[in-house]
There are 2 protein chains.
Amino acid sequence: MRFARLIFAMLLPAALLAPVILHAGEHPKLIMTRAGVEKIKAELGRVPLFDATLKKVRAQVDAEIEKGIDTPVPKDYSGGYTHERHKLNFATMQKAGVLFQILEDEKYANYVRDMLFQYEAMYKDLPLHPKERSYARGKLFWQNLNDSNWLVYVSQAYDAIYDWLSAAERETLEQNLFRPFADHISIDSPQFFNRVHNHATWGNAAVGMIGLVMGDDELVQRALYGVEDDRNGMGDKDDDGGFIREEGQQPGFLSNLEEPFSPDGYYTEGPYYQRYAMYPFLVFAQALHNVKPEMGIFEYKDGVLLKAVDALLNLSDADGEFFPINDGQKGMSYHARSLVTAVDITFHVGGQDPRLLGIAEKQGQVLLDDTGISVALAVRDGKTQPFEKKSINLSDGPDGKQGGVAVLRYGDEDLTLVYKYAAQGLSHGHYDKLSFSLYEKGEEVLQDYGLARFVNIEQKGGGNYLKENTTWAKQTIAHNTLTQNETSHFQGKYEIGSKHHSELYFYDDSNPDVQVVSATETNAYPGTALKRTMAIIKNEKFSKPFLLDILKVVSDKENQYDLPFYYMGQVMKVNFEYTIPVTLSVLGEQNGYQHLYLEGKGRPASGNTRFSWMANDKFYTLTSVTEAADELLFTRLGANDPEFNLRRDAAFMVRRKGSGTTVFVTVVEPHGSYSPVSEIALDSNSNIAGLKLVYDDEHYTAVSIEDLEGHTGMFIMSNKDATTSKQHELKIDFKEYSWSGPYSYLGL
Amino acid sequence: MRFARLIFAMLLPAALLAPVILHAGEHPKLIMTRAGVEKIKAELGRVPLFDATLKKVRAQVDAEIEKGIDTPVPKDYSGGYTHERHKLNFATMQKAGVLFQILEDEKYANYVRDMLFQYEAMYKDLPLHPKERSYARGKLFWQNLNDSNWLVYVSQAYDAIYDWLSAAERETLEQNLFRPFADHISIDSPQFFNRVHNHATWGNAAVGMIGLVMGDDELVQRALYGVEDDRNGMGDKDDDGGFIREEGQQPGFLSNLEEPFSPDGYYTEGPYYQRYAMYPFLVFAQALHNVKPEMGIFEYKDGVLLKAVDALLNLSDADGEFFPINDGQKGMSYHARSLVTAVDITFHVGGQDPRLLGIAEKQGQVLLDDTGISVALAVRDGKTQPFEKKSINLSDGPDGKQGGVAVLRYGDEDLTLVYKYAAQGLSHGHYDKLSFSLYEKGEEVLQDYGLARFVNIEQKGGGNYLKENTTWAKQTIAHNTLTQNETSHFQGKYEIGSKHHSELYFYDDSNPDVQVVSATETNAYPGTALKRTMAIIKNEKFSKPFLLDILKVVSDKENQYDLPFYYMGQVMKVNFEYTIPVTLSVLGEQNGYQHLYLEGKGRPASGNTRFSWMANDKFYTLTSVTEAADELLFTRLGANDPEFNLRRDAAFMVRRKGSGTTVFVTVVEPHGSYSPVSEIALDSNSNIAGLKLVYDDEHYTAVSIEDLEGHTGMFIMSNKDATTSKQHELKIDFKEYSWSGPYSYLGL
């Protein structure tokens, strides 16, 4: 362990090697500072956003104080009473501490102290939590993760009343509560504390923050560099099916900052967990920034923490909801508390970007601390600018070389493509290489299912991951990407998947009317190489942009390929014959197929298969270049779902059997709208007359798109060379095309 | 015919018998008046709502003028080009006429004239519309209904430019276009024009309005009293399956005003069609009011037209969307154009109720005429009051004696029960006696399916009714009411259903915390009497009100009863064992059952069956008093749906077999909420510990409700006597209860 720390330290920037001397100054110093408190008091009553938040928080805390303190003996999983009560307690203590500082009303300090002493009385003899499911059981909660949440918040509450408590009180609390608490989640739980994972980040932050408050450098060192251990848990899996620890990984907060974030600030587990992890990352960083400014924590890894906030905000739809990449519960958005923290801290320490104020205004609240008053003052002073989201390409992996996620946006989020060509994403990753989802103005057009879980809803499996998360949500067939031979990518095995990642072929958002991203995946199915190129194209003659999707498959043997499109809403019309079954049977036996009913099956009537649907009062048409032998499937989720855990979502699926090397060419075209009030349907039919694969070999692939008036557009790409300067020439149907760079698009 | 008119005339109030003398005055006089136009011109630029509407309308019309006039040869069904083009034409002409009057810009008059002459040139030789589906084919459109729409709007356009045209131009238009047009929809189509039906109302208004503009009293008489005919179509059915005409019905506008409206203003077809019909009713009434004020049309039948507007506004949810009673497309709301007309006219002629301004503000537009300027001026002058909807009981039938519809509302539409115990509702009626739907703040909790149609969406059956409207949407099993022996009410036969109606037993909304409606149905299944009593109850200890539903069935033989609840959202938890099938099969062969898959089947585990679900981030629990032999079914819509016309909606269904006289007791309890942002689930479990049928005989039924803390509430009702003054005494479990009136509720 010592050795490991030394090795690691050698990789750190000089600032981090400075001798660790804790500042002795007065409290609060962790998140609030004395100077910040003075500023807040001076401005109070004249900063609308801050004042409104304060009023709301005060009402909440006053109501809790009114109800009285309850620290029940731990018993339940998430969603159950004791779990929710302890959660509420730590949140209320943190708020009460803040109120004490700002309002100087001792009732808040009393409340925090009294509750802390109730915890102190209970904690001394508290055994492990009775629920045994976790790989790292907590004491107040069923898992250390939640215990760590508790300590991150309570450190702040303790900091707020530190000076107000007597030395004897502090001694008792630290001796009987905080130190054993910190020890349990660290020394007693190295399989939790020494991971590179959001769990460990919470643990590290918890121990580090209480250490900073207590002035205990040993705890801070634990937080930054991990604890000694016997490498317990190496190779084992956690509750979510990911490896607890892997060879070569260094423990501690700095390592957690190093590994899961790419240089662009993309967090490898995806935005849902990034949102969750951002809070301990930022709040501990803020504490280090305040107490140990010489560390320069916000400059670490080229300012990755602040970049991560920008990346996260960009991974949201027009309503601010995060794209459910990997495990992600839909509806989570930048309105979450952790994003208020992220935005306020980033604004305060990161150059006061006025676009962040646009988010802060939508959030309608600020932190009640130094950072929040900064934001509220700037908003009051009219500095707000809208946070306009542009197309963005985010690399994945610690070095930015493990694929990534691209988001192509047209206009003011009129059409948004989320294209995933990333690494596995640790234990929360899905087997969905080269998958995508599509949004129109914050509404899903083609969805990513998200996770199979009802977070904190006790009735549904205790609020934890449901087994359908593994049997359905993570499987390849649950996504808008290619499944070969009814088997998931990497056989659905984390051991294999976590060794690989997709590769960017090229990305180009320089022309807003033709934005393209292309990536390859060669490991998901050994012997099969996938290259998927997706373009958002806006033609003058079409009122809306469309998505062109070229999925080139090169395989050394014959396979069955299934390419589903999980549309929302209702089928309008198709241009092929199909039959519907009398009884609904499952599409397959495993790998997610066992959850799909086959609602209909047909064959292409022509070289272009057309599938139209309506969702959210808008029309969409998918046009696919199909072969006569293709099968066209209508599927519906919900089979083998004994607890009704799955939504009854539909897909349109193109199945190509006995095929080796082939190309799937698809256009997804939003068009028109319907009003149930005026009952007028506008532009309700596709504007595309023909879609053709006009050229395909190992060097080039070309697709033509013809509109109803006979105008033809042509998309040509090089399959071998994506360099921008490279000149290409190609003859298609006796016509010469020449261009430079990876692709060329000649508009309609 | 002459005889019929005489008989009918004898029933009319004196004002309507005054000699018909058309006012000779200047145009416009129909909807706009010269005085109104002067007032508008005087206020223009200082009336925000009016000015904004004018600006928008002007932009629309200018854009159309820019595009040029197109009057294509009729060819398509609704949704097709020629249909939509002619619709757009008449709407634009009406608007252009208004703009000419207000702005005095001749380009608008020119546009109307030129388009009218294009129609004149075409109409002379125009055959019947080529599509043959309608029982009354139009010429410009596939049905006379749409031709009538055209003439209602074009009459207004013609009125606007009447004085500006030369006498010769008027002569040509009247001779070649308007008169033959009016003749086609009246004299040539008595099976359409002489009905009591919204179709005929449009026809009557069209002929009457052009008659008023032309000063042709003969046309006005036709409109008011119908045309002579050979009783063609008597007993036949129209496109929707209703009788075209029935014995004893008198034709004409006044008859249409008399028959379908109850004295409370409820329109027997339901709010969706009321919304549709209100426009011709009100616009023709407004025209009669302007041109023939001596008729006192708005006082007719005790002011039924204005009452109807109030009734219609009350038949909407918190978002203003109409309850889909009978055939009704969801999403239609008081934002519809016809409701702008209704609100503006009602405000102008009906006593300037300031609550109507609350609706007008939400509509955000006004009519560009005398009524619209009234509304806009009043809004500008700050007279607006909110339109707060209260509980309301609306009778059905011309005399108010054919059942009705009750809407019980708690708070500010926090919980809304829509309970239907009405007459058949003509051809748009559903077989759903004693059915209900439940809303929480504008969101459906237990839904009424509505219709199976995509109005004006050409891809879906030409935008017309789909066959699933008959095979599913109208059937009893599609509704939250009792189906006996898998057969719909009245065997699903219009001939039988239209002869009967349910009966109100009692209605009491005097106590906002205990509101009750009870009604009976004795004809739906001969030999079986149904009495359904529904109460919205708010207990102090519960944060939300709940619905108590007591459905008492008395039958002379053993039957199978199915009682479904069409919940929205996702199953959370149930308290009984069930199995799910490997393949999904249909629940039955006919009467709607052929469209339902059985997703799961169980038996009660106790005397109380509990079924919890989540919808719109809120929790709900249904608690049902069940018998050990009951079957509990999970159903899913979508079987035998070859065109994917049906939504995949779910129901929880209680099935009781081999039962004669029995009682279904159910509580539907909204509780708590979930936030996907904070991930906190509040109050996610039911607060009800026990529900019991503690007494039931032919005289009394009593139900007890026990909460988690052991408090018990008791609902007792008399089954024989609903008079308010009547005293009752009853001993239940050795305890004496005494009360007066139809029911007693002793709170928890």
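Annotation: Cα Rg of region B:392-677 relative to the compact-globule expectation 2.2 N^0.38 Å equals 0.97. Between region A:326-392 and region A:696-747, the C-alpha centres lie 43 angstrom from each other.
For the protein assembly as shown, the 222 nm mean residue ellipticity estimated from helices alone, with every DSSP H stretch of n ≥ 4 adding -39500 (n - 2.57) and the total spread over all residues, rounds to -9500 deg cm²/dmol.
On the protein assembly as shown, 50 percent of the accessible area sits on carbon and sulfur atoms, based on a 1.4 Å probe. Calculate the length of the line joining the C-alpha centroid of region A:113-152 to that of region B:490-553, in whole Å. Using only Cα atoms to place each centre, the spacing works out to 52 Å. Counting only protein heavy atoms and using a 1.4 Å probe, the accessible area of A:Arg610 comes to about 50 Å². Given a 1.4 Å probe and the protein chains as shown, A:Asp412 ends up with an accessible area of around 100 Å². Shortest first, B:Thr172 label-point distances to identical copies amount to 10.4 nm, with the label point at 7 Å from Cα along Cα→Cβ.
Are there any GluC sites (Glu not before Pro) in region A:502-577 that are in a DSSP loop and have at most 12 other Cβ atoms within 10 Å? List them by number.
On the way: sites: A:Glu503, A:Glu521, A:Glu540, A:Glu558, A:Glu577; in loops: A:Glu540, A:Glu558.
Sites meeting the loop and neighbour criteria: A:Glu540, A:Glu558.
Computed from backbone phi with θ = phi - 60° and the Karplus coefficients 6.51, -1.76 and 1.60, the 3J(HN,Hα) list for region B:464-470 is 9, 4, 8, 5, 5, 5, 7 Hz; x is used for glycine and proline. Other residues within the sphere of radius under 15 Å centred on the Cβ of A:Leu306, judged by their own Cβ, net out at -3 (K and R +1, D and E -1). Rolling a 1.4 Å probe over the protein heavy atoms gives region B:376-527 an accessible area of 30 Å² per residue. Between the helical axis of A:34-43 and the dominant principal axis of chain A, each derived from Cα atoms, what acute angle in degrees is found, rounded to the nearest 10? Helix A:34-43 and the main axis of chain A meet at about 80 degrees.
Axis of helix A:271-291 versus longest Cα principal axis of chain A: the two differ by about 30°, to the nearest ten degrees.
Compare B:Thr341, A:Thr724 by solvent-accessible area with a 1.4 Å probe and give them largest first, with all protein chains kept in place. Provide the component values of the computation, followed by the final result.
Numbers: B:Thr341 5, A:Thr724 110 Å².
Greatest to least solvent exposure: A:Thr724, B:Thr341.
Please compute the net charge surrounding B:Thr533, taking Lys and Arg as +1 and Asp and Glu as -1 over other residues with Cβ under 9 Å from its Cβ. Don't jump to the answer; show the numbers that get you there.
On the way: positive: B:Lys531, B:Arg532, B:Lys552; negative: B:Asp549.
So the surrounding residues net to +2.
Residues of region B:449-477 that bury at least 50 Å² of accessible area once all protein chains are present, compared with their chain alone (1.4 Å probe, heavy atoms only, ligands and nucleic acids left out), are B:Ile457, B:Gln459. Compared with the dominant Cα axis of chain B, that is its longest principal axis, helix B:370-380 is turned about 60°. Accessible area buried by the pairing of B and A, both sides summed with a 1.4 Å probe, works out to roughly 4200 Å².
Each copy carries A:Glu228; placing its label point 7 Å along the C-beta direction from Cα gives inter-copy distances of 11.5 nm, listed from smallest up.
Indicate the gyration tensor shape class of region A:73-228 (rounded, prolate or oblate), computed on the Cα atoms with a ≥ b ≥ c the square roots of the eigenvalues: a/c under 1.5 is rounded; otherwise a/b larger than b/c is prolate and the rest oblate.
Values: a/c = 1.80, a/b = 1.30, b/c = 1.39.
Oblate, since a/c reaches 1.5 and b/c is not below a/b.
For A:Thr661, the accessible surface of its heavy atoms amounts to roughly 80 Å² (probe 1.4 Å, protein chains only, rounded to the nearest 10).
Counting Cβ atoms of other protein chains within 10 Å of each Cβ in A:635-643 and taking the mean gives 4. The residues packed around B:Asp317, meaning those with a beta-carbon under 11 Å from its beta-carbon, carry a net charge of -2 if Lys and Arg are +1 and Asp and Glu are -1. Going by accessible surface with a 1.4 Å probe and the largest first, A:Glu443, B:Glu729, A:Glu468, B:Glu106 read B:Glu729, B:Glu106, A:Glu443, A:Glu468.
The values are calculated or read from the model by the stated rules, or taken from the named source; none is laboratory data. A quick note: this is a predicted structure, and the numbers were derived from the prediction, not measured. We place every Cβ from the backbone using ideal geometry, glycine too, and count neighbours over all the protein chains shown. Keep in mind that these areas ignore ligands, DNA and RNA; they rest on the heavy atoms of the full protein, side chains included. Shrake-Rupley method; radii C 1.70, N 1.55, O 1.52, S 1.80 Å.
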